[in-house]
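Step one of this worksheet: look at the structure below.
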Amino acid sequence: MIFIKDSLRAAVEAASGGTVTVLYTAKGQPTYMHVIPRFNLQDIDPALGNGTHPAFIVNGVEKSELFIGQHTGCLRDGELLSLPGVEPLHSVTFDEALAYGSACGLGFHAMTHAEQSAIAHWCKKNGFMPRGNTAYGLSSDAPFETARRADGGAPGATSGNPRTLTGSGPVSWRHNNNPNGIADLCGNVWEWRGGMRLVDGEIQVLANNNAADSKNSQTKASSAWRAISASTGELVAPGSAGTLKYDASAAGTTTAHGAPVLSDAVSNRNGEAGSDEHTPGSTAGAFEKITSKAGLVVPSIAKALSLFPLDASHGGDQLYLRNYGERLAISGGHWRDGANAGVFALSLSGARSSRGTSIGARPAFVL
């Protein structure tokens, strides 16, 4: 039933040249999805490795394409939908986001970190880094670029509700600088991303894009979580010796400080702090300025999953983290993050129970 032609799908596909389609959920609700064809790592950059980007591999099977929500998700009748011109979902926890995504039916899920990394690398390769709502309804980098605020207020006003309606910004807020592109990957609200977390500083993932299959558990105790060997890049059991970790650049502080270090050990831990996703207590640093421990040759998988930069051309997108406890991934930044927001922006500061007016989710589909 998902792929049966109808007038809405036909109109959307015709208007976008087939790059956007409409899928239907288990409850028959339409959701607008952008189609991302499979690509190889070496075609983006040889430093990423060789073969298909891991976002296109689910349960060991290569997929020809991904369907990514053209818009940040909204909640309708218990399902996470991609719809234009609505206020995005917010104040949702990690587990709620996963549940709302999978409720849409077989193949549907909340967008994963692997999928985010694929799109971010695609944007970089194509020479365009999208802007977005990073200053209360306007772009901090281009203040003349505005979108419709959910509260009807003036763009830039610091009072009221500064979330903007999905897809209501200019084409420069789309991933490909085109009206058919994926909107609002930079700013507006952070979005939960499945399949990636920190546990006491250790980077843990689900293999490839297995997080796209809701049958693969992402609970705290799930056996599907794997760590990454710093020496080989292979996925290994969590807690194994010599796995990749994020190391704080100062110990015992409760304020943000310099860029974190990719390491095979954790010697520093941030002090406890507030509950917001990247306020005091988080290590913060521009993504392109992340360094590695002396002598550590960063494995290509860390670069392919945008956990370590290829070079210094990421526009100041930030990485935030707390390297104690379990921390789940959110991406993109929100309405007051300024130049820190972007397609490579990643926060690993919040617990799976974290919720806030600046945290939402986006639907995706692969089958």
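The values are calculated or read from the model by the stated rules, or taken from the named source; none is laboratory data. No experiment lies behind these values; they were computed from the predicted model shown. Cβ: placed from backbone, ideal geometry, glycine included. Neighbour counts: every protein chain shown. Ligands, DNA and RNA are stripped out before the accessible areas are found, and what is left, the full protein with its side chains, is counted by its heavy atoms. Shrake-Rupley method; radii C 1.70, N 1.55, O 1.52, S 1.80 Å.
Here are the numbers for the structure shown:
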item: Flagged links, alpha-carbon separation over 23 Å, of Lys245/Lys289; Lys220/Lys303; Lys63/Lys289; Lys125/Lys220; result: Lys220/Lys303; Lys63/Lys289; Lys125/Lys220
item: Positive minus negative residues near Thr52 (Lys, Arg vs Asp, Glu; Cβ under 11 Å); result: 0
item: Proximal lysines to Lys5, defined as alpha-carbon separation beneath 20 angstrom and excluding residues fewer than eight positions away on the same chain; result: Lys27
item: Zone residues, segment 93-109, relative to Leu8, backbone N less than 18 Å from point 7 Å out along Cα-to-Cβ; result: 101, 103-106, 108-109
item: Choice from Gly342, Gly28, Gly137 with maximal GNM fluctuation in the chain (Cα, 10 Å cutoff); result: Gly28
item: Spin-label model distance (nm) - Ala312 vs Asn40, 7 Å beyond Cα toward Cβ; result: 3.1 nm
item: Sum of -39500 (n - 2.57) over DSSP H runs of 4+, divided by residues of the chain (222 nm, nearest 500); result: -3000 deg cm²/dmol
item: Extension gain (nm, one decimal) between Ala351 and Ala294, 0.36 nm per residue minus Cα-Cα; result: 17.5 nm
item: Accessible area per residue in Å² at 1.4 Å probe, computed on the chain; result: 36 Å²
item: q = 0.10, 0.12, 0.13, 0.15 Å⁻¹, the chain: log10 I(q)/I(0) [Debye, one scatterer per Cα]; result: -0.55, -0.81, -0.97, -1.33
item: Length released on extending from Ala142 to Ser217, taking residue separation times 0.36 nm less the Cα-Cα span; result: 22.9 nm
item: Rounded to whole Hz, the Karplus (6.51, -1.76, 1.60) HN-Hα couplings of segment 29-41, x for glycine and proline; result: 8, x, 9, 8, 10, 8, 8, 10, x, 4, 9, 9, 4
item: Computed lengthening from Ala26 to Glu62, 0.36 nm per intervening residue step minus Cα-Cα distance; result: 10.5 nm
item: Paired Rg and Dmax values of segment 306-350, which use every Cα atom, in angstrom; result: 10.8, 31
item: Sequence ranges 330-338, 154-162, ranked by mean other-Cβ count within 10 angstrom, highest first; result: 330-338, 154-162
item: Estimated FRET transfer efficiency (Asn178, Ala154; beta-carbon r; R0 25 Å; 0.05); result: 0.35
item: Relative contact order %, segment 133-250, counting alpha carbon pairs below 8 Å whose residues are six or more apart; result: 15 percent
